[in-house]
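Report on the following structure.
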Amino acid sequence: MRFPNGWVGGTALVVGPVLLLVGTLLRSPFNFFFPDQLKAVAEHPELMRAAYTAFLAGNVVMWAAVACLVQRMGTGSPRWAAWGGMLVTVGLFERTFHAGVDQAAFSATRQLGVEGATDLVAKGYGELHLFSFLSFTIMFGWFVLAFGAYRSGVLGKVRSVALATMGLLPLGVLKGTEVLSIVGTAGLCVALVPLGVLVLREQPRPTRKNVLTAVPVALGLGALAVLSTLG
């Protein structure tokens, strides 16, 4: 058995890129740099929460999408698959770390106001941490993965180039949307969504037993999710 399996990997290949694109588009009306992002949080809290949540969810889902892509690349180009998958996954971890800082800044905006939160973020913006040394993976990993996807034959030339555009996506804390952000996330959709549909079509039809088992499992996971919010 492979992990993730085809159902999980195929779904992630479709859902992950779409969520990243949605999050990118939702915050596109506001200026790119963090003082303007914090101001937007104060003035449009629900919209910004939805934007950053969609982007974070897409980023987390992408681990399974990348793993599924790497599995398919492994036969034709195992070394490029391994290196590309490792670098991109570390980059996904780093973006998730950034999202945690974003959330803390949002909370500071509610507690301290825009000026207080902006001052707080500015003072700590350049502090060193583990991911300071791994920032290159966020961009460089996509170029390696795209080349491997092309070399292995999993993606053609056009979709490999589209995958590589994710390497143009700006990185860092409280980064808004610019043209390259849209190019990168839209390119990711072009590259991976059709592959996700293909993977899902390759899967065997779920049996009645599978469906009946999935319902209580989904309800149980939903209950655990609610309990998790209680501390």
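The values are calculated or read from the model by the stated rules, or taken from the named source; none is laboratory data. Quick caveat: nothing in here was measured; it's all calculated off a predicted structure. Don't worry about glycine lacking a Cβ; one is built from the backbone with ideal geometry, like all the others, and counts go over all protein chains shown. Ligands, DNA and RNA are excluded from the accessible area calculation, which covers all protein heavy atoms including side chains. Shrake-Rupley method; radii C 1.70, N 1.55, O 1.52, S 1.80 Å.
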Where Arg2, Arg72 fall by accessible area, highest first, once all protein chains stay in place (1.4 Å): Arg2, Arg72
What are the extents of the Cα atoms of the range 125-224 along their three principal axes, listed from largest to smallest and rounded to whole Å? 52, 38, 24
Okay, helix-only estimate at 222 nm for the chain: each DSSP H run of n ≥ 4 adds -39500 (n - 2.57), divide by all residues, round to 500 deg cm²/dmol; what do you get? -27000 deg cm²/dmol
Calculate one ³J(HN,Hα) per residue across the range 9-23 by plugging θ = phi - 60° into the Karplus curve 6.51 cos²θ - 1.76 cosθ + 1.60, and present them in order as whole Hz with x for glycine and proline. x, x, 5, 5, 5, 8, 6, x, x, 5, 4, 4, 5, 4, x
In square angstrom, what is the accessible area per residue of the chain with a 1.4 angstrom probe? 54
Could you look at the range 1-139 and say what percent of its accessible area is carbon and sulfur, using a 1.4 Å probe and all protein chains? 68
Just to verify a number: what accessible area does Met86 come out at with the full protein assembly present, 1.4 Å probe, Å² rounded to tens? 90
Work out the charge dipole of the range 1-125 with +1 on the Cβ of Lys and Arg and -1 on the Cβ of Asp and Glu about the Cα centre, then indicate which of Pro4, Ala51, Ala65 is farthest towards its positive end. Pro4
Taking every alpha carbon pair in the range 189-231, what does the distance histogram look like in 10 angstrom bins from 0, in percent? 23, 24, 32, 20, 0
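Kindly rank 178-185, 197-204 from highest to lowest mean number of other beta carbons found within 10 Å of each residue. Spell out each step's value before the answer.
Values: 178-185: 17.6, 197-204: 13.0.
Top of the packing list down: 178-185, 197-204.
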Sort 154-166, 108-120, 206-218 by packing, meaning the average of other beta carbons within 10 Å per residue, with the highest value first. 154-166, 108-120, 206-218
In whole Hz, what ³J(HN,Hα) sequence does the range 34-47 give by Karplus (6.51, -1.76, 1.60; θ = phi - 60°), x for Gly and Pro? 4, x, 6, 5, 5, 5, 5, 4, 6, 8, 9, x, 5, 5
At 1.4 Å probe size, what's the solvent-accessible area of Trp83? Round to the nearest 10 Å². 150
Straight-line reach from Lys175: which lysines have a Cα under 17 Å away, not including same-chain ones fewer than 8 places off? Lys39, Lys123
Please report, largest first and rounded to whole Å, the three semi-axes of the ellipsoid equivalent to the chain, where each semi-axis is the square root of five times an eigenvalue of the C-alpha gyration tensor. 32, 23, 15
What are the ³J(HN,Hα) values, in whole Hz, obtained from phi via the Karplus relation 6.51 cos²θ - 1.76 cosθ + 1.60 with θ = phi - 60°, for each residue of the range 57-62 in sequence order, with x given for Gly and Pro? 4, x, 4, 5, 5, 5
